[in-house]
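Working notes, structure below.
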Amino acid sequence: MTYSIVARDPATGALGVAVQSGTFGVGATVPWAQAGVGAVATQAFTEPAYGPRCLAALAAGADAPAALEQATAADQDALIRQVGVVAADGTAAARTGAWCIDHAGHRHGDGFAVQANMMASPRVWPAMAAAFGSAGGPFPRRLLAALTAAQQAGGDARGVMSAALLVVAAEPAESWAGRLVDLRVDRSTDPLGELGRLCRSEEHTSELQSHHD
């Protein structure tokens, strides 16, 4: 029902999640991130608890595979979940439960993981990985490039509705501080187009603030 990427920016250490879905308000449940700790995408038959569980394990010193293993062990319905995790140390992990609806799969590499379920094509997640690896520009744009590649490869079998992009800082921060980018499109016929527009607006605002400072 959803495709997403979690990643660490090797240049800045920032951590991010980007997601698109054929369901309403995907930004409310799928993306999780904590500055200086990690980022998580929890989807398919979404269990939001994977977000705080994985982030707590990462904060306690686990790498991404270990954090995901701990969270999965606490879920009796893990077969219907799909989760991606990236840690501040650059480790990444992903899991696609055996009962996730086809086409479903994931791929992870150095500092990133991509995952997708109920896709129109099995080409979606490989396309996401390739696009993220080859994209240039600011980190949020690279995350968005992965989503765009997913849609071009077939995307969600049910169509599109919502998208979100969340980026947090490399250094730990208290409470909700440390969020560098937090964008959501809850309902649209072109959520990726809207997300791109918001992303460009965010960049423009940041440039104006930088010149003002």
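The values are calculated or read from the model by the stated rules, or taken from the named source; none is laboratory data. This structure is a prediction, so every number in the text was calculated from the model and none was measured. Glycine also receives a Cβ, built like all others from the backbone with ideal geometry; neighbour counts cover every protein chain displayed. In case anyone asks, the SASA skips ligands and DNA or RNA and just uses the protein heavy atoms, side chains included. Shrake-Rupley method; radii C 1.70, N 1.55, O 1.52, S 1.80 Å.
Screening Gly111, Gly196, Gly97 for residues that are over 17 Å from the mean Cα position of the chain (by Cα) and open to solvent by less than 10 Å² (accessible area, probe 1.4 Å) leaves exactly one candidate, Gly97.
Does Ala87 satisfy the criteria of being at pLDDT 95 or above, under 13 Å from the mean Cα position of the chain (by Cα) and among the aliphatic types (A, V, I, L, M)? In short, yes. What residue, among those in the stretch 33-49 that are open to solvent by 20 Å² or more (accessible area, probe 1.4 Å) and in contact with a Ser or Thr (Cβ under 7 Å, 6 or more places away or on another chain), is nearest to Ser162 (Cα to Cα)? Checked the stretch 33-49; the qualifying residue nearest to Ser162 (Cα to Cα) is Thr46. A Cβ distance below 6 Å, combined with a sequence gap of six or more or placement on separate chains, defines the contacts here; from the stretch 70-94, residues that are on the phi < 0 side of the Ramachandran plot reach residues that are open to solvent by 30 Å² or more (accessible area, probe 1.4 Å) and aliphatic (A, V, I, L, M) in the pairs Leu79/Ala98.
Scan the stretch 75-94 for residues that are within 18 Å of Thr29 (Cβ to Cβ) and either surrounded by fewer than 24 Cβ atoms within 10 Å (Cβ to Cβ) or out of contact with any strand residue (DSSP E or B) (no Cβ under 9 Å at 6 or more places or on another chain) (or both) and the total you get is 5. Restricting to the stretch 30-47, and then to whatever is part of a strand (DSSP E or B) and not aliphatic (A, V, I, L, M), can you tell me which residue is nearest to Ala88 (Cα to Cα)? For the stretch 30-47, the residue satisfying everything is Gly38.
Exactly one residue out of Ala163, Ala169 is at negative phi, at pLDDT 95 or above, out of contact with any helix residue (DSSP H, G or I) (no Cβ under 9 Å at 6 or more places or on another chain) and open to solvent by less than 40 Å² (accessible area, probe 1.4 Å), and it is Ala169.
In the condition set (1) touching a Ser or Thr at 6+ places or on another chain (Cβ under 8 Å); (2) open to solvent by 20 Å² or more (accessible area, probe 1.4 Å), Ala153 is compliant with all but (2).
Considered as a group, the residues in the stretch 114-141 that are in contact (Cβ under 8 Å) with a residue 40 or more places away in the chain and in a helix (DSSP H, G or I) include one that is farthest from the chain's Cα centre (by Cα), and that residue is Val124.
Taken as a whole, the condition of being of a type in the set (Gly, Ala, Ser), in contact with a Cys (Cβ under 6 Å, 6 or more places away or on another chain) and farther than 29 Å from Ala157 by Cβ does not apply to Ala44.
Tally up the residues in the stretch 1-15 that are outside any strand (DSSP E or B) and in contact with a helix residue (DSSP H, G or I) (Cβ under 8 Å, 6 or more places away or on another chain), please. The total comes to 4.
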